[in-house]
Amino acid sequence: MELLAAGHRIKSLTSDGGGEFVNTELKLFMEARGIRFVPTHPYIPEENALVEKLNGVLVNKMRAAMYAADLPNRLWPEVLQYIVNIDNMSPTRALKGKTPSEKLLGTAPNVAKIRVCGSVGFVFVAKAKRKHKLCPKAEPALLLGFARSTTGYRLLHLRIGQIVEARDVKFREDITVSRKYISGLLMGKSGGDKIPFVPLPVEYVAEESVRTGAEKTVTSSLFVAGAEMGGADADGAPGSGGESSSSGSDESDSDSAGNLETPPAATSRQATAATGSTASSATGGTTAAASANANPSAVNTGQGSPAPAATGGTGGRRQTRRQRMQNAGPPRRSTRTRRPNVRLNGYQLMLEEQLTGAPDTVDEVLRSPQRAEWQAALQAEFESLLKHGTWKLVDRSKSSSGKRVKVLTTKWVLRIKRDENSNILRYKARLVIHGFKQRFGFEYWDTYSPVVRIVTMLLVLLIELLLGLDARHIDVETAFLNSLLRGVTIYVEQPKGFDGGTGRVCLLLKGIYGLKQAARIWYQTLRAHLVEIGFRRCAFDVGLYVRYIYGRIVLVTVYVDDMMVIGKPHDIDSVIEELRQRFVMKDLGRVKHLLSMEIHYEPGRILCLSQSAYIDRLFERVWHDQHEHSEVASNAQ
């Protein structure tokens with residue numbers, strides 16, 4: 001109906017064969033508008049896969065929201081509608097970052113009105129509806145979703161048990177109401193004078209664990225706030241610690257909605273397992289409760305603590321495991337000399353740091369025997385970052401809400417580069433951003449970056465052998481720094497050891513290692529240049545590019561920043577020069593070592609692949625040398 005009202009035309013409608021769809025009224029409606037109805041076969045929902053998949057996703061979200069707030073099952077239609085509304089207000093990759101609501105209506109939705117489902121809200125009561133001056137200015141309610149016919153909220157009134165819609169609501173998104181109390185309201189039972197609030201989200205403990213006396217802690221102990229929210233003064237009125245959706249028509253009335261603080265959450269040191277009357281009677285404990293009217297300090301300050309579940313030595317009550325351990329005193333320690341197991345005599349333990357020699361932090365660099373080499377590597381990487389214009393220094397800015405913007409942290413990653421014989425080539429330092437702190441939809445969107453498949457690599461090597469072509473290994477220096485960062489704003493801390501103590505931050509202008517989208521934007525940059533100089537991307541493997549120079553074939557394989565160029569020697573030289581016009585590259589000569597493979601190749605004669613050096617490095621991680629390995633083998637025999 002909404003699509004038709006917005007001027008869209010529905011061409012086809014697919015659903016199951018349920019009676020709500022297969023009926024005369026709907027059939028006439030669709031025939032009058034030229035809509036084709038295509039029902040699925042019985043018990044084959046896969047024919048309508050998109051809708052069925054979305055139904056499953058929405059039901060999972062609904063289930064999570066209901067369990068978090070411990071809502072009765074009877075409220076599932078209300079919660080599901082709220083989940084659908086929020087889903088329509090959420091950006092999706094299928095719409096390139098737009099929300100379904102924005103795609104349909106043309107305007108971005110207002111997400112500021114979203115609140116936690118099942119949280120407690122206090123609905124403002126207009127003066128005309130108050131019986132006398134001492135009546136409460138707000139009534140408690142439970143959030144179920146957005147209003148159907150207005151721009152307000154849809155709530156369950158916690159006094160009369162009816163669904164109401166209101167605009168002026170102050171929410172407490174950290175508390176909800178006991179499931180038992182809500183179920184009673186829905187069945188028409190009176191909730192009594194006191195409303196049992198519980199922390200949100202609600203957590204549980206198995207009842208049998210309570211009966212066995214096992215040490216368990218929960219955060220779902222009931223906290224009873226005063227039911228009478230009226231009183232002789234305004235302090236007795238319900239309040240909120242959250243944001244108000246509207247100030248109301250009467251400013252003085254809305255502002256005096258009180259300041260009811262969050263009921264103190266039960267922690268592992270404050271409460272033992274108690275989940276209702278059954279658990280309380282089983283352990284002999286009492287439920288932690290505080291009345292806002294009788295003892296407001298217990299609610300407002302959080303100083304009240306629940307009684308223990310059981311006490312030992314009085315009235316024959318059973319002690320808990322913690323109490324028995326406390327009464328027993330410190331455990332007795334054995335004074336015997338511990339001897340190692342003789343079965344482990346043949347084993348050796350060697351730290352990875354001793355094998356690789358690569359430190360993990362800048363502090364370890366300063367203590368490393370190769371301090372000069374590592375410092376030179378750090379300086380070279382930092383100068384490369386500045387040369388590429390990776391960032392610009394800016395002052396720490398603030399967002400429109402006045403809060404400091406999110407600034408990502410960095411880390412130096414240090415590695416030793418080796419040749420095919422495991423000999424040290426150079427010491428390498430790389431500045432890496434903690435990309436795991438990026439937020440989807442804010443600092444990144446797509447991350448997929450294709451690379452050439454190993455089977456394609458082997459096929460290309462076989463082709464060059466059969467055609468007598470040459471193969472050259474090309475390495476792009478600081479590849480990710482060649483791609484521009486577009487569409488997002490990312491701030492990072494200055495690299496450790498090079499910050500200068502200014503307190504400023506780096507505004508990223510280009511991709512950098514560690515960013516979730518860094519590999520993708522580098523691939524897009526490289527692909528655009530390869531296409532520009534005449535290459536075409538292969539259909540069966542997007543990591544392989546093909547070009548013909550006067551009828552002679554030239555192949556390029558791409559694995560992140562490692563490339564292999566196959567062709568006639570003068571054609572390879574021509575391609576490398578064209579690539580160097582855009583990127584800084586190293587020509588490593590005829591391919592010898594690529595992707596942990598040693599390649600022995602002579603054009604048209606021999607091709608030999610092995611991983612002996614890789615196997616040797618793995619061997620060093622387990623055994624110190626061949627002699628100790630033989631000794632262990634002989635001992636095992």
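The values are calculated or read from the model by the stated rules, or taken from the named source; none is laboratory data. The structure displayed is predicted, hence computed values, not measured ones. Here Cβ is always computed from backbone atoms with ideal geometry, including for glycine, and neighbour counts include all displayed protein chains.
Numbers at a glance
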| item | result |
| --- | --- |
| Residue that is modelled with the highest pLDDT [pool: residues in region 159-201 that are part of a loop (DSSP other than H, G, I, E, B) and buried (at least 21 other Cβ atoms within 10 Å of the Cβ)] | 168 |
| The lone exception for residue 17 - which of (1) touching a residue at least 24 places away in the same chain (Cβ under 8 Å); (2) within 21 Å of residue 178 (Cα to Cα); (3) of a type in the set (Gly, Ala, Ser) it fails | (2) |
| Residue count for region 14-41, restricted to those that are under 20 Å from residue 52 (Cβ atoms), outside any strand (DSSP E or B) and among the polar types (S, T, N, Q) | 1 |
| Hits in region 609-623 - residues which are part of a loop (DSSP other than H, G, I, E, B) and either within 19 Å of residue 568 (Cβ to Cβ) or polar (S, T, N, Q) (or both) | 611 |
| Matching entry among 61, 53 (being over 30 Å from residue 174 (Cα atoms), of a type in the set (D, E, K, R) and either assigned to a helix (DSSP H, G or I) or free of Cβ contacts under 8 Å to residues at least 40 places away in the same chain (or both)) | 53 |
| Spans of strands (runs of 3 or more DSSP E) in region 78-158 with at least 2 residues in contact with a helix residue (DSSP H, G or I) (Cβ under 9 Å, 6 or more places away or on another chain) | 138-146, 153-157 |
| Residues of region 35-72 satisfying the condition of being among the basic types (Lys, Arg) and over 20 Å from the mean Cα position of the chain (by Cα) | 36, 53 |
| Qualifying residue in region 71-84 (condition: farther than 27 Å from residue 154 by Cα and among the basic types (Lys, Arg)) | no |
| Hits in region 589-598 - residues which are within 13 Å of residue 470 (Cα to Cα), surrounded by 15 or more Cβ atoms within 10 Å (Cβ to Cβ) and either outside the structural domain of residue 480 (by TED's automatic domain parsing) or of a type outside the set (D, E, K, R) (or both) | 591 |
| Criterion (in the same structural domain as residue 490 (by TED's automatic domain parsing) and part of a strand (DSSP E or B)) met by exactly one of 393, 378, 386 | 393 |
| Failed condition for residue 8, given (1) at pLDDT 90 or above; (2) more than 30 Å from residue 199 (Cα to Cα) | (1) |
| Test: residue in region 115-126 that is at pLDDT 90 or above, over 18 Å from residue 183 (Cβ atoms), assigned by TED's automatic domain parsing to the domain that holds residue 184 and touching a Cys at 6+ places or on another chain (Cβ under 9 Å) | yes |
| Any pair with Cβ under 7 angstrom, 6 or more apart, that starts in region 526-540 at a residue that is assigned by TED's automatic domain parsing to the domain that holds residue 567 and ends at one that is among the hydrophobic types (A, V, I, L, M, F, W, C) | 526/558; 530/556; 535/546; 535/556; 536/546; 538/544; 538/546 |
| Per-region count, region 78-112, residues charged (D, E, K, R), more than 23 Å from the chain's Cα centre (by Cα) and exposed (fewer than 14 other Cβ atoms within 10 Å of the Cβ) | 1 |
| Residue satisfying all of: in region 68-77; touching a residue at least 24 places away in the same chain (Cβ under 8 Å), outside any loop (DSSP other than H, G, I, E, B) and not basic (Lys, Arg); surrounded by the fewest Cβ atoms within 10 Å (Cβ to Cβ) among these | 68 |
| Residue within region 475-486 that is in contact with a Phe, Trp or Tyr (Cβ under 9 Å, 6 or more places away or on another chain), under 30 Å from residue 601 (Cβ atoms), hydroxyl-bearing (Ser, Thr, Tyr) and in the same structural domain as residue 412 (by TED's automatic domain parsing) present | yes |
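Conditions tested, residue by residue: (1) outside the structural domain of residue 533 (by TED's automatic domain parsing); (2) surrounded by 16 or more Cβ atoms within 10 Å (Cβ to Cβ); (3) modelled with pLDDT under 90; (4) assigned to a loop (DSSP other than H, G, I, E, B).
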site: 548; (1), (2), (3), (4): no, no, no, no
site: 554; (1), (2), (3), (4): no, yes, no, no
site: 558; (1), (2), (3), (4): no, yes, no, no
site: 566; (1), (2), (3), (4): no, yes, no, no
site: 571; (1), (2), (3), (4): no, yes, no, no
site: 575; (1), (2), (3), (4): no, yes, no, no
site: 583; (1), (2), (3), (4): no, yes, no, yes
site: 600; (1), (2), (3), (4): no, no, yes, no
site: 607; (1), (2), (3), (4): no, yes, yes, no
